[in-house]
Each structure stands twice: as structure tokens, then as C-alpha cells.
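The values are calculated or read from the model by the stated rules, or taken from the named source; none is laboratory data. No experiment lies behind these values; they were computed from the predicted model shown. Here the Cβ positions follow ideal geometry from the backbone for every residue, glycine too, while neighbour counts run over all protein chains shown.
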Amino acid sequence: MKIDFHIHTRYSPDSLIHPKALAAKSKKLGIIPAITDHWSTKGNATMRQLKADFIPGEEIFTDKGDLIGLYLNEEIGKNIPFLEALDKIREQGAIAYLPHMYDYGRSGSHASEDEAARVDVIEVFNARCLDPRYNERANEFAESHNLLKAVGTDSHWLFEFGSTYTELPDFDINDPKELLKALRSKSTRLITKKAPIYARGTTTFIYRTRWLLDRLGF
């Protein structure tokens, strides 16, 4: 089983990926996406309507950077304390996944070492990190704290999806405990490829354009 743990759809303010196109590419490639839109779970509802295989999630903006909840049932939102977000994730029986933790230019984690070590999974490779040292440091953190590892493209464009994923033994995709068990397997592999630099710059343009259109009432 192959999973990309970090995907944004058009329900994120800086992405144009339509869930229908993502579902089609996912089926073609055999890679299951985790939907981790910024401060929104609307993409999860759309993927359910499409009857697509996926992991429902959300990327939450906390006072100490981004934190992803996987297998969320309810939206958590943004601008809340890191530990409160962590508690809300756990209250839903969901998984706390820490993305791009050392990429401070993109809401990397400012949590203390003890706080960050309370998550379930560390993203040890984010395809959009420009400096490879960010991913290397994340991997070192996971190793030193005996935390589970996974990877994601952080896709905001459909062409990014498919290059980076975690390969796991088969498990019940609807069960978060089974996912954690699969991540512990010695047969789990991390397949990684860095995204092209223009992928990041163009999403900044999307965000600013959509913000302006919203302000103008379009």
C-alpha cells in the first residue's frame, strides 16, 4: 500500500487541485492521499462523495506552527495553541502528524522538544523543503525520540502528486491504529523526490490571487 501523507486540494487557499482529478490520479497510480487542507475538512467530504480511497485530515495552524491531524471527524481550524490542537486531535481518536518541522519559512514547528515529541508521526521528508537539511533534521529528531516516520509531497498542484510516498504493508485504511502498526513494520519504505522549485513560488501567487478575488467579491 502506498500513501502520500500530505496533500492539499482546492479547499486550501493556495491550491488548485480538484478532488475529482486527485481521486482519478490516485486510482491510476495506486497511491492513497491524505487530505490535509489548511484549516478545512471540506475536501474530505468531497472525497467521500467520490467514494475514493483517502485518509481524512486537516493542517492546523497553531501558535507554534503547523500540525496535521489524520483521521479527523471534525474540523479543528487555526490560531490555537499547539498543545490544545494536539488534545483535540487525540479526542477524536486521530493521529498527530508533524509536517516540515524545521522549515520555518513555511510554518515549521516552534514547539519545544518535549512538546514536539508528543506527536505520533514525524514527516521526515517534505518534497517542498528547499533546503535538504530541514528534512535531515526532522529525520534525526524522529530517530532520537523513537517516533514513527512518514513522507509527503505537500502537493498544491496535481503534477506534484505521485513522486513521494510511504510504502506500507496492507492494512485497514479506515483504522488509525492499523496505520500506526503498519508504520512500525520493518517492510515500510520511504520513497522520496524533491519537488521543482517553481511549485512553491506559483502557489504563493495562487494564494494572493484568491485572496484578492475574495476581497473584491468574486
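Quick look at the values:
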item: Residues (of a type in the set (S, T, N, Q) and surrounded by fewer than 17 Cβ atoms within 10 Å (Cβ to Cβ)) located in the stretch 11-50; result: 49
item: Residue match in the stretch 75-91 (condition: modelled with pLDDT under 95 and of a type in the set (D, E, K, R)); result: yes
item: Answer from 163, 109 - the residue that is more than 22 Å from residue 3 (Cα to Cα) and in a loop (DSSP other than H, G, I, E, B); result: 109
item: Residue count, the stretch 112-121 (criterion: more than 21 Å from residue 161 (Cβ to Cβ) and not in a loop (DSSP other than H, G, I, E, B)); result: 4
item: Residue within the stretch 92-102 that is over 22 Å from residue 15 (Cβ atoms), of a type outside the set (A, V, I, L, M) and surrounded by 14 or more Cβ atoms within 10 Å (Cβ to Cβ) present; result: yes
item: Residues within the stretch 146-174 that are in contact with a helix residue (DSSP H, G or I) (Cβ under 7 Å, 6 or more places away or on another chain), over 17 Å from residue 122 (Cβ atoms) and touching a residue at least 60 places away in the same chain (Cβ under 8 Å), tallied; result: 7
item: Residue identified as farther than 16 Å from residue 33 by Cα and buried (at least 20 other Cβ atoms within 10 Å of the Cβ) among 150, 195; result: 195
item: The lone exception for residue 93 - which of (1) within 20 Å of residue 183 (Cα to Cα); (2) over 16 Å from the mean Cα position of the chain (by Cα); (3) in a strand (DSSP E or B) it fails; result: (3)
item: Filter result for residue 78 (under 14 Å from residue 173 (Cα atoms) and surrounded by fewer than 18 Cβ atoms within 10 Å (Cβ to Cβ)); result: no
